[in-house]
Amino acid sequence: MIDYQSILNSIYNKVIQDKDKGQIATYIPELANVDKNSFGIHLQLISGETFSVGDSEKKFSIQSISKVLSLAFAMSKVGTDIWNRLDVEPSGNPFNHMSLLELEKGIPRNPFINSGAIVIADILVSLLDNPKEDFLTYVRDLTGDASIDYNYKVANSEKQTGFTNYAAANLLKSFDNLNNDVVDVLDFYFHQCSLEMSCEQLTKAFYVFANKGNCLFEKTRLTKSQAKRINAIMLTCGFYDEAGEFAFEVGLPGKSGVGGGIVALLPNKFIISVWSPGLNERGNSKLGMQALELFTTQTNQSIF
Ligand code: DON
């Protein structure tokens with residue numbers, strides 16, 4: 001029997017002592033107002049037990065973690081047809097780079113770099129009657145928690161400063177890979193990224209990927225095959241140009257966001273979320289990566 005609570009406690013006590021907590025993302029001005037000392041972990045076993053430490057119930061901006069949820073929503077609605085508009089290859093580049101997008105004629109490398117997530121947003125804007133409301137309902141249903149909401153200040157803050165995303169969306173449009181207006185698609189995308197959730201809520205939302213497509217609340221949300229494929233993309237593309245490092249150090253499919261959150265999972269076993277807002281040079285939570293490395297090493301559990 002693994003004593004998960006004492007492992008989480010010891011990881012917490014070790015990592016919070018690190019004086020270099022990384023840098024808070026400030027390119028979205030509203031994200032700068034976060035306490036750098038915040039740190040939380042929540043672990044949910046597929047069998048039902050949960051364990052947590054620190055600020056595990058405090059909500060934060062999930063940012064790019066939302067890209068997994070929007071992909072799941074789009075896949076559950078359109079099936080495999082989305083793959084003629086984007087690829088499933090790691091980009092080896094930062095999340096907002098555009099050089100490959102131009103070279104590869106407007107087909108984003110994968111759904112987790114910004115251009116790929118913008119194509120997914122375009123698909124959802126085309127499909128849904130009320131994209132922002134419908135996506136929020138999807139995430140609330142997955143999590144079983146109606147308190148989840150967008151942070152409109154964060155969404156508007158990114159709207160004011162998201163020039164690179166406007167450039168990416170325009171480039172997609174020039175290659176005929178965006179059907180709706182740039183402004184409408186980005187309005188949806190900025191809101192999806194502004195979702196605020198706690199570590200506890202994120203583990204619940206990601207239960208569906210660890211549990212063969214069945215969410216925590218007994219409604220089937222994905223096929224087994226869709227869950228498998230989304231996990232594969234998390235493993236290969238979830239951390240941008242640090243995906244190899246995350247697989248090497250942690251050994252789990254996962255996804256990060258510039259709000260400092262990371263969710264990772266071991267299929268059929270557990271989901272774990274970590275939040276520490278300071279980022280490393282690659283834009284992933286510095287202490288979050290360390291905590292997850294310690295967790296999989298100390299529990300001797302990973303996909304490898
Ligand atoms: O589009 C952006 O730049 C942000 N809304 C999301 C970026 C992000 O979280 C990258 N992840 N590590």
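The values are calculated or read from the model by the stated rules, or taken from the named source; none is laboratory data. Bear in mind the structure is a predicted one, so any value in this text is a computation, not a measurement. Heads up, the Cβs are rebuilt from the backbone with ideal geometry, glycines too, and the neighbour counts pull from every protein chain shown.
Data for the structure
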read-out	value
Restricting segment 21-38 to residues that are touching a residue at least 40 places away in the same chain (Cβ under 8 Å) and among the hydroxyl-bearing types (Ser, Thr, Tyr), the residue that is nearest to the ligand (Cβ to nearest atom)	TYR27
Odd one out for LEU252 among (1) within 11 Å of the ligand (Cβ to nearest atom); (2) crowded, with 24+ Cβ neighbours inside 10 Å; (3) of a type in the set (A, V, I, L, M); (4) more than 12 Å from the chain's Cα centre (by Cα)	(1)
Which listed residue, of PHE60, PHE95, PHE112, is within 20 Å of the chain's Cα centre (by Cα), under 30 Å from ASP3 (Cα atoms) and within 16 Å of the ligand (Cβ to nearest atom)	PHE60
Subset tally (residues that are farther than 30 Å from SER147 by Cβ and more than 16 Å from the ligand (Cβ to nearest atom)) for segment 163-207	7
Flag if SER302 is among the hydroxyl-bearing types (Ser, Thr, Tyr), away from the ligand (no atom under 16 Å from the Cβ), more than 30 Å from MET98 (Cβ to Cβ) and assigned to a loop (DSSP other than H, G, I, E, B)	yes
Qualifying residue in segment 76-97 (condition: of a type in the set (Gly, Ala, Ser), surrounded by fewer than 18 Cβ atoms within 10 Å (Cβ to Cβ) and over 21 Å from VAL258 (Cβ atoms))	yes
Residue within segment 220-231 that is under 26 Å from LEU171 (Cβ atoms) and either modelled with pLDDT under 95 or surrounded by 19 or more Cβ atoms within 10 Å (Cβ to Cβ) (or both) present	yes
Filter result (without any contact (Cβ under 8 Å) to a residue 24 or more places away in the chain and hydroxyl-bearing (Ser, Thr, Tyr)) within segment 39-52	SER47
Odd one out for ASP149 among (1) surrounded by fewer than 17 Cβ atoms within 10 Å (Cβ to Cβ); (2) out of contact with any Leu (no Cβ under 9 Å at 6 or more places or on another chain)	(2)
Selected residue (only one of ASN130, ASN93 is assigned by TED's automatic domain parsing to the domain that holds ASP181, without any contact (Cβ under 8 Å) to a residue 12 or more places away in the chain and out of contact with any Cys (no Cβ under 9 Å at 6 or more places or on another chain))	ASN130
Residues that are among the polar types (S, T, N, Q) and part of a loop (DSSP other than H, G, I, E, B), drawn from segment 168-181	ASN177, ASN179, ASN180
Residue check, PRO111 assigned by TED's automatic domain parsing to the domain that holds TRP275 and under 23 Å from LYS132 (Cα atoms)	no
